[in-house]
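Let me begin by presenting the structure, written as structure tokens, before commenting on it.
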Amino acid sequence: GVDIEEADGVQDIGERFFTIFGDEVIGEGFEEDFWYSSNPAELYQNLFNKETRPDTRTNTGANSLITLKDFSEIANRMSFKVEFGDSVVKPIFSFEGIFQLTKSISLAASTQEIRFWFEMPAVTELVNYEGFILFIANFSNYKTPSILLNGISYTYGTKYNRFRAYITDGVSTFIGADDLTSNIFCAPVIRENINSEYEVLLGTSKGQILVYNLGSLPSSDPQLKNSFEFDPNIVVKQIAASKSYFSFIADSSLAASDPLFYDSDGNSFSFNGEIPITLGLTKNAEGNYVNIVLTDAKIIYIISNGNLLNSFSLKGVNDIASFALVDLKQDGTNYIVLNNGSNIEVYNLAGSLADNFPFSDPNEVGFYGTPLTTDFEGDSNSEIISITEDGRIYALDGGTGKVVTGFPISSGAGSSVTPVFYNADGKTNLAVLNDRNIFAGWSISSVEGKIYWSEEHGNPQNTSFVDAAENTNRINEFFPTNRAYNYPNPVYEGTTNIRYYVSEDSKISIKIFDLAGDFVAELNDDAQGGMDNETIWNVGDIQSGVYFARIEASSTSGKTEQAIIKIAVVK
């Protein structure tokens, strides 16, 4: 439809008004409603952009990235200037394609311009900023990993029991295939092992991990280097990898209580009847691999060396199928980012929410799919990108939790496919396919960002891995009292979270007293060092009033400190 934008900032043309006597009046236009340089209206700026009144935002409130300005004086022929983009966010490309039923997009390793792989049920398409380049029929059922090495692009796919390779240097091209004895039901992974050799990992329907070399031009198929046998009754559904280490989650053809997590060190883990949904991999400050697993019960498990370090439940009624990992604050710990209905939630590995999160969709439409993470503002705090179900693209500052200047922008419709972050021409860019088959890209920074989770399965190689967090902003004080507090406060019903930070693994004792000094409750917990931790206090049986909570932390090295906070209970 068409909307008339009146220059004076007051919508009156065609509007219905009623006088004090009940008479209906239809609003008419005045000279101040027109756009010309000397318009005397109080709100007129000779400018029409996202911040003026009226503004150029979309119907959903997103930044349209359109500016009209410098309108000339009234004349038979008038002029104005049109700008696309703002000071940082600028559109790069946009076109409509035949992208129905696209399951995934990945950045293609290319010797030429920026390209993307589109994975669809019958074909895999390669596109650039202008549109279609080529397609390969029956190449893959899952997201294709790719890598560029010494001017040669390697891309891999799996279709049932067939392993396929697409290798090109821009002049010569080879498409190879190998038929396996079992099917593949997960995305292949490209890793660099400890010997600096690149390999492809495949997970089979018989509980195997197969390791292939990359193959080569002019016509050498990838060759099987090694195989790892785990359990023939499980189906590998996702692999995570770093160097020579890998882990995977699986479905079972027998009881769900069988181990459904395994790693290359011979460890396994059972989820008490729950089904693992997705997997991420990182390292802790000591350099040990840490696996993060989300199950169908909306419980996140933190696993290292086959041992459970922690687990915590996600609240809400929405299904959650994915997450991203990120070094959010360079405070020595990585964080888990996920969409949960109308919220973007960020947790540390202890299960505590990051400061200034969750972020809630102001329109209450809700976020969809997998968020992406990168530090594209260059301020040591990663930003988070997520898309609402109506196509608004939000970028959040990881430190403040606030919307980054210039956002939200709009993709024009919702998106069922995880977007793609990539660096090009010294800037960070974002590419999104919406549900109307419009593929569009924007430059969203003035500098090249540090990318953490750039697309589905983390990156173009599908490793689902983010390296250990930097500790530039790590708090070395053992028990800083200014980080001890509770939320919500006041507490009106249910529970409150008592939050505190310790720099070392510690035992926590929380004793709660009323104003008369009478003992009310005691809570005990274990706290992980180097991150915020939380202990929940249920106030269901507690009367209204003000209470003092004495939090005492005792580290494994013998340090002991305490803090006292006030908690208000209102019923």
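Data for the structure
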| item | result |
| --- | --- |
| Number of positions in region 261-287 that are more than 16 Å from residue 298 (Cβ to Cβ) and not β-branched (Val, Ile, Thr) | 16 |
| Single unsatisfied condition, residue 87 versus (1) in contact with a Gly (Cβ under 9 Å, 6 or more places away or on another chain); (2) touching a residue at least 40 places away in the same chain (Cβ under 8 Å); (3) under 21 Å from residue 165 (Cβ atoms) | (3) |
| From the options 465, 519, 548, residue that is surrounded by 20 or more Cβ atoms within 10 Å (Cβ to Cβ), at pLDDT 95 or above and of a type in the set (Phe, Trp, Tyr) | 465 |
| Residue list for region 468-503, restricted to those being small (Gly, Ala, Ser), within 18 Å of residue 535 (Cα to Cα) and surrounded by 15 or more Cβ atoms within 10 Å (Cβ to Cβ) | 484, 503 |
| Pair list, Cβ < 7 Å and 6+ apart or interchain, from region 513-524 residues that are within 18 Å of residue 563 (Cβ to Cβ) and touching a residue at least 24 places away in the same chain (Cβ under 8 Å) to residues that are surrounded by 10 or more Cβ atoms within 10 Å (Cβ to Cβ) and acidic (Asp, Glu) | 520/514 |
| Candidate set: region 133-154, residues that are under 24 Å from the mean Cα position of the chain (by Cα) and among the β-branched types (Val, Ile, Thr); chosen: the one surrounded by the most Cβ atoms within 10 Å (Cβ to Cβ) | 144 |
| Residues of region 405-414 classified as buried (at least 23 other Cβ atoms within 10 Å of the Cβ) and more than 10 Å from residue 393 (Cα to Cα), total | 0 |
| Answer residue from region 299-327, given it is among the aliphatic types (A, V, I, L, M) and either closer than 18 Å to residue 457 by Cβ or modelled with pLDDT under 95 (or both) and is farthest from the chain's Cα centre (by Cα) among those | 317 |
| Selected residue (criterion: nearest to residue 427 (Cα to Cα)) from residues of region 71-82 that are in contact with a strand residue (DSSP E or B) (Cβ under 9 Å, 6 or more places away or on another chain) and surrounded by 13 or more Cβ atoms within 10 Å (Cβ to Cβ) | 80 |
| Residues (in contact with a Gly (Cβ under 8 Å, 6 or more places away or on another chain), buried (at least 18 other Cβ atoms within 10 Å of the Cβ) and not aliphatic (A, V, I, L, M)) located in region 53-69 | 63 |
| Tally, over region 400-431, of residues that are in a loop (DSSP other than H, G, I, E, B) and farther than 12 Å from residue 359 by Cα | 16 |
| Residue within region 343-362 that is on the phi > 0 side of the Ramachandran plot and under 12 Å from the mean Cα position of the chain (by Cα) present | no |
| The lone exception for residue 32 - which of (1) assigned to a loop (DSSP other than H, G, I, E, B); (2) in contact (Cβ under 8 Å) with a residue 24 or more places away in the chain; (3) farther than 30 Å from residue 455 by Cβ it fails | (1) |
| Residue match in region 2-20 (condition: at pLDDT below 95, among the basic types (Lys, Arg) and either surrounded by 14 or more Cβ atoms within 10 Å (Cβ to Cβ) or closer than 30 Å to residue 405 by Cα (or both)) | no |
| Per-region count, region 440-462, residues among the hydrophobic types (A, V, I, L, M, F, W, C) and modelled with pLDDT under 95 | 1 |
| Every residue from region 519-571 that is of a type in the set (Val, Ile, Thr), farther than 21 Å from residue 348 by Cα and assigned to a strand (DSSP E or B) | 520, 546, 560, 564, 565, 567, 569 |
| Residues that are assigned to a loop (DSSP other than H, G, I, E, B) and either crowded, with 21+ Cβ neighbours inside 10 Å or aromatic (Phe, Trp, Tyr) (or both), drawn from region 362-378 | 376, 377 |
| Test set (1) under 17 Å from the mean Cα position of the chain (by Cα); (2) under 29 Å from residue 503 (Cα atoms); (3) touching a residue at least 60 places away in the same chain (Cβ under 8 Å) - residue 471 fails condition number | (1) |
| Any pair with Cβ under 7 angstrom, 6 or more apart, that starts in region 106-122 at a residue that is over 15 Å from residue 135 (Cα atoms) and surrounded by fewer than 13 Cβ atoms within 10 Å (Cβ to Cβ) and ends at one that is of a type in the set (S, T, N, Q) and modelled with pLDDT of 95 or more | 113/128 |
| The lone exception for residue 135 - which of (1) of a type in the set (A, V, I, L, M, F, W, C); (2) in contact (Cβ under 8 Å) with a residue 24 or more places away in the chain; (3) within 30 Å of residue 442 (Cα to Cα) it fails | (2) |
| Pick from region 415-439, criterion among the small types (Gly, Ala, Ser) and buried (at least 16 other Cβ atoms within 10 Å of the Cβ), ranking: modelled with the highest pLDDT | 431 |
| Wholly within region 249-349, strands (runs of 3 or more DSSP E) carrying at least 1 residues that are in contact with a Leu (Cβ under 9 Å, 6 or more places away or on another chain) and among the charged types (D, E, K, R) | 343-348 |
| Sole exception among (1) surrounded by fewer than 22 Cβ atoms within 10 Å (Cβ to Cβ); (2) touching a Ser or Thr at 6+ places or on another chain (Cβ under 9 Å); (3) in a strand (DSSP E or B); (4) among the aliphatic types (A, V, I, L, M) for residue 447, by number | (3) |
| Subset of region 52-67 (residues that are more than 28 Å from the chain's Cα centre (by Cα) and either among the polar types (S, T, N, Q) or within 23 Å of residue 391 (Cβ to Cβ) (or both)) | 52, 54, 55, 67 |
| Residue match in region 257-276 (condition: within 17 Å of the chain's Cα centre (by Cα) and on the phi < 0 side of the Ramachandran plot) | no |
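The values are calculated or read from the model by the stated rules, or taken from the named source; none is laboratory data. On a predicted model such as this, the values are computed, not experimentally measured, just so you know. As a convention, Cβ positions derive from the backbone with ideal geometry for all residues, glycine included, and neighbour counts pool all protein chains shown.
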